[in-house]
Amino acid sequence: MLQYRLSVFLHPTSLARSFSSSIPRRATAQFRIPVIDFSKFRASTSAQEKKETADEIVSAFKESGFIYLSNHGVDPQQVQSTFKKSADFFALPYDVKRKLAWEDPRSNRGYVEIGRERVTQSADPDEIATLREKAPDFKESMEIGRDWDSTWKNQWPSETIAPGFKQNMLDFYETCHELHVQIMRSIAIGLDLQEHFFDDKIDEKCHNLRLLSYPAIKSTLLKDEGQARAGAHSDYGTLTLLFQDSVGGLEVQNPQTGEFIPATPIADTIVVNVGDLLARWSNDVLRSTLHRVVAPPAQAISETESVTPKRQSIAFFCNPNFSTEVSCLPNCGDQAKYPPVNTGDYIVGRLSVTYT
Ligand SMILES: O=C(O)CCC(=O)C(=O)O
Ligand SMILES: [Fe+2]
């Protein structure tokens, strides 16, 4: 992974502070994706010290719903090898990948070719179908779920075709699950709940590891109305852990102004954002924020044409246990805004309208 290093603690807009001290104050104050150092939280036995980090995380999730997490404890070599195995997988012939095709939202496992998904905020299946036809997301993905499910099986490529792929992804899945537990503990503390409040509600690893590949594309094709690498959407679960390469293109919407702000890659950090179920669990105290992937600065290939470079990212979508009932948490207002919902029903419902 070639990411450029930025020594900033706050990442307010497309321009990091260290790049420019001339950003108007108002512009930077409005919307921030802070870089939060997780090392103390992980190492400390002092409740006070843990609370300081927890408060930082919860206050960022209340404001923007997005943070960059640094010193998160995930070995950079593991991240790098996951990116490499992912790139090798997407480089396989289409005929090989096609045999591993994603088939069912209840399974949510397998290879998704370009054009099959159109992420959007709409809940109307007809509207989504129209959007998908007009402007499908320009990406392919490989979806991996927990491997021991009795009903749904992961669509692994064979060892001969993709040596080490399966073991790498299983190990990475575990690593991300453990980080999810840690961050949820910090959220519990930040919401003045007992530190282990979420533990038994998120221990069945009902997550989804998504390897993403955005192929290089002529920039003109991304300029059409509504067309993006991934359309504006929010995520469905508790938290998303997003690992991105150095290309850029992820943008996050400032809910106050509607403006999309680049979430520029910062080396060795993980972008962590709140999903819809956690927002709902917290009665909207924590914010699930719209985001999208657009073209980063293009490279010219001729006098008249330019090409948007390929991009890779890895999203780990964390969920509560599918049996967990999500209903308004303590300390999140007197009046519940939403009726209780079963996690499995909710996630499968959201997935079934976004795919073709
Ligand atoms: O590729 C990215 O940076 C973001 C992907 C994303 O938001 C998603 O798959 O939900
Ligand atoms: Fe997303």
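The values are calculated or read from the model by the stated rules, or taken from the named source; none is laboratory data. All values derive from a computational prediction rather than experimental measurement. Here Cβ is always computed from backbone atoms with ideal geometry, including for glycine, and neighbour counts include all displayed protein chains.
Couple of notes before you dig in:
- When region 284-337 is filtered for residues that are touching a Cys at 6+ places or on another chain (Cβ under 6 Å) and away from ligand 2 (no atom under 16 Å from the Cβ), the ones remaining, listed by number, are V285, N321, F322, A336.
- When restricted to residues that are surrounded by 21 or more Cβ atoms within 10 Å (Cβ to Cβ), in contact with a helix residue (DSSP H, G or I) (Cβ under 7 Å, 6 or more places away or on another chain) and within 14 Å of T238 (Cα to Cα), region 267-303 contains 5.
- Subset of region 324-352 that is touching a Ser or Thr at 6+ places or on another chain (Cβ under 8 Å) and in contact (Cβ under 8 Å) with a residue 60 or more places away in the chain - its residue that is farthest from T240 (Cα to Cα): C332
- Taking the criterion of being surrounded by 23 or more Cβ atoms within 10 Å (Cβ to Cβ), within 12 Å of ligand 1 (Cβ to nearest atom) and not aliphatic (A, V, I, L, M), the residues of region 237-263 that qualify are G237, T240, F243, Q244, G249.
- Every condition in (1) at pLDDT 95 or above; (2) part of a loop (DSSP other than H, G, I, E, B); (3) surrounded by fewer than 19 Cβ atoms within 10 Å (Cβ to Cβ) is met by D345 except one, and the failing one is (2).
- Odd one out for I187 among (1) at pLDDT 95 or above; (2) farther than 18 Å from N319 by Cα: (2)
- Residue within region 127-139 that is buried (at least 16 other Cβ atoms within 10 Å of the Cβ), modelled with pLDDT of 90 or more and β-branched (V, I, T) present: no
- Checked against (1) modelled with pLDDT under 95; (2) farther than 18 Å from Q312 by Cα, G115 passes all but condition (2).
- The residues of region 73-103 that are in contact (Cβ under 8 Å) with a residue 12 or more places away in the chain, farther than 25 Å from E178 by Cα and not in a helix (DSSP H, G or I), listed by number, are L92, L100, A101, W102.
Okay, residues lined up against (1) in a helix (DSSP H, G or I); (2) at pLDDT below 95; (3) not aliphatic (A, V, I, L, M):
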residue	(1), (2), (3)
Y4	no, yes, yes
V8	no, yes, no
S22	no, yes, yes
P34	no, no, yes
Q48	yes, yes, yes
D55	yes, no, yes
A60	yes, no, no
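- Subset tally (residues that are among the β-branched types (V, I, T) and assigned to a loop (DSSP other than H, G, I, E, B)) for region 309-336: 1
- Single condition K310 does not satisfy, out of (1) within 16 Å of ligand 1 (Cβ to nearest atom); (2) crowded, with 16+ Cβ neighbours inside 10 Å; (3) not acidic (D, E): (2)
- All positions within region 104-113 that are touching a helix residue (DSSP H, G or I) at 6+ places or on another chain (Cβ under 9 Å) and either outside any loop (DSSP other than H, G, I, E, B) or among the aromatic types (F, W, Y) (or both): Y111
- Pair list, Cβ < 7 Å and 6+ apart or interchain, from region 188-215 residues that are under 22 Å from D235 (Cα atoms) and within 16 Å of ligand 2 (Cβ to nearest atom) to residues that are assigned to a strand (DSSP E or B) and among the hydroxyl-bearing types (S, T, Y): R210/S141; L211/S141; L212/S141; L212/S313
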